[in-house]
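Input: a single structure, listed below in structure tokens.
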Amino acid sequence: MTQSTNTAMPLLHADRVSSIRSGRVLFSQLQLAVQAGEIWQISGANGAGKSTLLRMLAGLLVPNEGEVRFNGQPLHRVRDDYHQQLLYIGHKAAVKPELSALENVFWQRRLGGDTTATAEQAQDWDVLEQLGLLGLEEEMTGRLSAGQQRRVALTRLWCSTASLWILDEPFTSLDVDGIALLQQRFLQHLSRGGSIVMTSHQPLTDTQLPLQQLTLNSARAEVLL
Ligand SMILES: Nc1ncnc2c1ncn2[C@@H]1O[C@H](COP(=O)(O)OP(=O)(O)OP(=O)(O)O)[C@@H](O)[C@H]1O
């Protein structure tokens, strides 16, 4: 399986990676080369291995074969630098349920590397307003609806300076306006030279997005006997 459209050294390169989980080969010899300014959508049926691939790209899972490289270096050699450049959001809403939306935004800025962040800066209110969370800022996040919790989690995309975003099903639970808003944010990130690798079961609707696609074919998964 090969996916590469540009010969320049990729920002992120999964080089002939394979994954075996629960005795099944999910993918084998997979190539994915992500350049600055690119957005890749990983598609495939339930269980095809999309989340597994994203975790591998994020350095959370070691490939059974092959290697993932960032700026030409194996991830294990550039781990600290990579984690400064990377924002990974898994498919579960990564929020602290016992904190308010406002507190979550503050901590996201701190964890995103903003050492000057103080609580309740104007910037926090701006982010909450953009995500339609004004009026809910003091509510414990765990008491918000699934879509509202997802919006709180996605405030990380407004707080982070990371150049590479790896996002597992970011549209989950979002309404139509939320999906459009997120795609606008993607465009802004890409126009600044950022890159995105994401999974989604639904097609992206913004035709301005320079979308590249990789489909994992679960029918080709092999069972190891
Ligand atoms: N921690 C694990 N240990 C063993 N097998 C796992 C583990 N996590 C996932 N798997 C298996 O790997 C396969 C792929 O899972 P994965 O979550 O990557 O699929 P997916 O394409 O993201 O699916 P979905 O569309 O349902 O989110 C599944 O068969 C799953 O059971």
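The three principal axes of the Cα atoms in the stretch 41-83 give end-to-end lengths of 33, 20, 16 Å, sorted in falling order.
Listed peptides 73-84, 147-158, 195-206, 8-19 appear in the order 147-158, 8-19, 195-206, 73-84 once ranked by packing, highest mean of other Cβ atoms within 10 Å at the front. When the Debye formula is applied to the Cα atoms of the stretch 106-201, each taken as the same point scatterer, what base-10 log of I(q)/I(0) results at q = 0.18 Å⁻¹? Ignoring solvent entirely, the Cα scatterers give -0.89. Against the longest alpha carbon principal axis of the chain, how many degrees, from 0 to 90 and to the nearest 10, is the axis of helix 101-111 turned? Here the helix axis deviates by roughly 50 degrees. Across every pair of non-identical alpha carbons in the stretch 1-140, the mean reciprocal distance, once inverted, gives a Kirkwood radius of 17.4 Å. For the chain, the Cβ-based charge dipole about the Cα centre amounts to some 800 debye (Lys, Arg positive; Asp, Glu negative; other atoms uncharged). Largest to smallest in accessible area, the residues F106, F171 fall in the order F106, F171 (1.4 Å probe, all protein chains included).
With a ≥ b ≥ c taken as the square roots of the eigenvalues of the C-alpha gyration tensor of the stretch 111-158, please select rounded if a/c is under 1.5 and otherwise prolate if a/b is larger than b/c or oblate if it is not? Taking the square roots of the gyration eigenvalues as a ≥ b ≥ c, the stretch 111-158 is prolate.
The values are calculated or read from the model by the stated rules, or taken from the named source; none is laboratory data. Model, not experiment: these values are computed from the prediction. In this analysis, Cβ positions are derived from the backbone assuming ideal geometry, glycine residues included, and neighbour counts consider all displayed protein chains. To get the accessible areas, we keep the full protein, side chains included, count just its heavy atoms, and leave off ligands, DNA and RNA. Shrake-Rupley method; radii C 1.70, N 1.55, O 1.52, S 1.80 Å.
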